[in-house]
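Scroll down for the structure; my scribbles are underneath it.
We did not get these values from a lab; they are worked out from the coordinates using the rules stated. As the structure is a computational prediction, the values presented were derived from the model and not from experiment. Ideal geometry is used to build each Cβ from the backbone, glycine not excepted, and the neighbour counts take in all protein chains shown.
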Amino acid sequence: GAKWTYTGPHGEHHWSMHYPFCGGSFQSPIDIQTRQLSFDPSLRPIELQNYNLSANEQLTLGNNGHSVVLSLPRKMYISSLPQRYTAAQLHLHWGSSHLPSGSEHTINGHQFAAEMHLVHFNSDRYPNISIAADKSDGLAVLGVLIEIGEYNPVVDHFLKYINGIKYRDQKVQVPAFNIRGLLPTRLDEYYRYDGSLTTPPCYPSVLWTVFKTPVTISLKQFRTLATAMYSSHQQETVPVPMNSNFRKPHYTDNRLVLCSFKR
Ligand SMILES: NS(=O)(=O)c1c(F)c(F)c(S(=O)(=O)CCO)c(N[C@H]2CCCc3ccccc32)c1F
Ligand SMILES: [Zn+2]
């Protein structure tokens, strides 16, 4: 598709020119206003299968020009939704080393340092994620808010290889690890709403789950994430640093934002 960026002439205000859904409804991210939440007792704890990968397996870590992307094996899936949602990849959104606020979802207007997304597709109904990507029940993304604090040893399982994927379309193989360790302890406390991809083509096809509890990474880890990568190819004369790769929050309009917890 057409090239898109987070700033400049191909930035988010221009996405809808080539990607009409980006100007449509049910867009993500949103600002989660905790006073407007509806507690829904039917929202069960998120249950994950086969997230505990062994170091004998290898995963592909890549720079796709928009984010750092870790491929996930199809044996991983969410089992607590009405249909099976099979894992595809995880990626992150972050700020810049001078401005450590780059999450996509915000809570009462507060933007976190970064946000991790674990992208899954409805494998009960669709053969692969590309077919599922534009279907209303096609995708389920788990969102993990990230703040600066304690060093995160699990994030380092892929972050330590980031200098091998500095430039667009570079990929490296990394030993797998327990992906569950990237998520917060409490998988029973989360926000839930119907939304979209936060990048072009912005399909309104995502069942969003954003966990209430953030995880932490150290300032050093954040700076590595925010300064290591480029959106441009290695051979390009003008290197384009990859940072602040987050979309601004969109209006919730009359969408219900549910929560799985009281208070
Ligand atoms: N924030 S977000 O909405 O979760 C989100 C991103 F931010 C993001 F950059 C990506 S991307 O890296 O593929 C860049 C362009 O889509 C995705 N891709 C998903 C959905 C689109 C189709 C597809 C096909 C194969 C694998 C992953 C995906 C994405 F879902
Ligand atoms: Zn994302």
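Unpaired cysteine residues in the chain (no second Cys Cβ under 4.7 Å): 259. In the chain, taking the dipole from charged Cβ atoms about the Cα centre, the farthest positive-side position among 53, 93, 120 is held by 53. Each Lys and Arg contributes +1 and each Asp and Glu -1, all at the Cβ; summed about the Cα centre of segment 188-263, the dipole is approximately 300 debye. Ranked for footprinting exposure by Cβ neighbours inside 10 Å, fewest first, 120, 93, 250 give 250, 93, 120.
Please identify which residues in segment 203-226 have an amide N closer than 20 Å to a label point set 7 Å out from the Cα of residue 84, following the Cα→Cβ vector. The answer is 207. Please report the spacing between the Cα centers of segment 10-47 and segment 146-192 in Å, no decimals. Each part's Cα centre sits 23 Å from the other's. Neighbours of residue 18 by Cβ distance under 13 Å: Lys/Arg scored +1, Asp/Glu scored -1, total 0.
Quick one: which of 3/166; 212/262; 166/248; 212/248 span more than 23 angstrom between C-alpha atoms? Pairs exceeding the cut-off: 166/248. Straight-line cross-link partners of residue 171 among the lysines, defined as a Cα under 18 Å from its Cα and at least 8 positions apart when in the same chain: 160.
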